[in-house]
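Read the structure below first, then the notes.
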Amino acid sequence: AQKITQTQPGMFVQEKEAVTLDCTYDTSDQSYGLFWYKQPSSGEMIFLIYQGSYDEQNATEGRYSLNFQKARKSANLVISASQLGDSAMYFCAMIKRWGSQGNLIFGKGTKLSVKP
Amino acid sequence: NAGVTQTPKFRVLKTGQSMTLLCAQDMNHEYMYWYRQDPGMGLRLIHYSVGEGTTAKGEVPDGYNVSRLKKQNFLLGLESAAPSQTSVYFCASSRDRVKNEQFFGPGTRLTVL
């Protein structure tokens, strides 16, 4: 069965520094997609970044990048130049890419706190 | 362009009462989903739909029913609410199943006493 593990319940980072949020996944599928979502205290889920299992380059979206290491089954999120507004819960998620009904499997999340 | 909207935002029920949560999307997405989020659990899929008139069970479907009579709406029903259904409920939609970036609604906080 597919599974997402986020081992850091909470993290602190100084404003303007970079931070890495860990995510490992377990799947026997060859084709899958990995996502990161942000959930601020207001509660909405905000899509940040996507990585397909066959994508050769690591995905980047502005200050967000996904450090994809397929052999290690890890998909860590890197936030560069942290801002106070980055304080939130961050969820890693996975989906089968083909032949799937589109179910996302979520990890339990990491709470990031950015210090001024 | 409202994206995904959910009604209501908050609700308190007594055990045994019934209610329906409404999700609407204006992006013409085929796929729609209902999740629940419990403290320390992340999001878990309740039911989903791959198109108008279709529904399927997710990871935690017991105690819930859904309907997708119109493409833009996805309803989640609780026939006889239980305290274990106290949670935050999120609706989401996506355009396709390949990348499947899901757009989420703002959530409904439900308390069952």
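Since every read-out is calculated from the coordinates, none of them should be taken as a lab result. A quick note: this is a predicted structure, and the numbers were derived from the prediction, not measured. Here the Cβ is made from the backbone with ideal geometry for all residues, glycine too, and neighbour counts use every protein chain on show.
The figures follow:
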| item | result |
| --- | --- |
| Rh by Kirkwood over Cα pairs, then Stokes-Einstein D for the protein assembly as shown at 1.567 mPa s and 4 °C, µm²/s | 72 µm²/s |
| Lys pairs, chain B - Cα-Cα below 22 angstrom, 8 or more residues apart or on other chains | 6 |
| Per-residue mean of C-beta atoms belonging to partner chains within 10 Å, peptide B:35-45 | 5 |
| Neighbour net charge for B:F104 - beta-carbon separation under 15 angstrom, K R +1, D E -1 | +3 |
| Karplus-derived 3J(HN,Hα), 6.51/-1.76/1.60, for each residue of the range B:26-36, Hz, glycine and proline x | 10, 9, 6, 7, 6, 9, 9, 9, 10, 10, 10 |
| For chain B, radius of gyration divided by Kirkwood radius, i.e. Rg to Rh on alpha-carbons | 0.95 |
| ³J(HN,Hα), Karplus 6.51/-1.76/1.60, whole Hz, each residue of the range B:70-75, x for Gly, Pro | 10, 4, 7, 10, 9, 9 |
| Pair B:K14, A:K111: separation of 7 Å Cα→Cβ label points (nm) | 3.4 nm |
| Candidate aspartates and glutamates for bridging to A:K70, where Cα separation is under 16 Å - those fewer than 8 sequence places away on the same chain excluded | A:D22, A:D26, A:D29, A:D55, A:E56 |
| Shielding score for A:104-113, defined as the mean number of other chain Cβ atoms within 10 Å | 4 |
| Relative counts (whole %) of C-alpha pair distances in the range A:36-116, using bins that are 5 Å wide | 3, 14, 23, 25, 19, 10, 5, 1, 0, 0 |
| R0 of 35 Å, Cβ-Cβ distance A:Q57-B:L69: FRET efficiency to nearest 0.05 | 0.25 |
| Distance in nm between pseudo-label sites at B:E79 and B:A2 (7 Å out along the Cβ direction from Cα) | 2.9 nm |
| Estimated distance in nm for a label pair at A:A18 and B:M27, the labels positioned 7 Å out from Cα along Cα-to-Cβ | 3.0 nm |
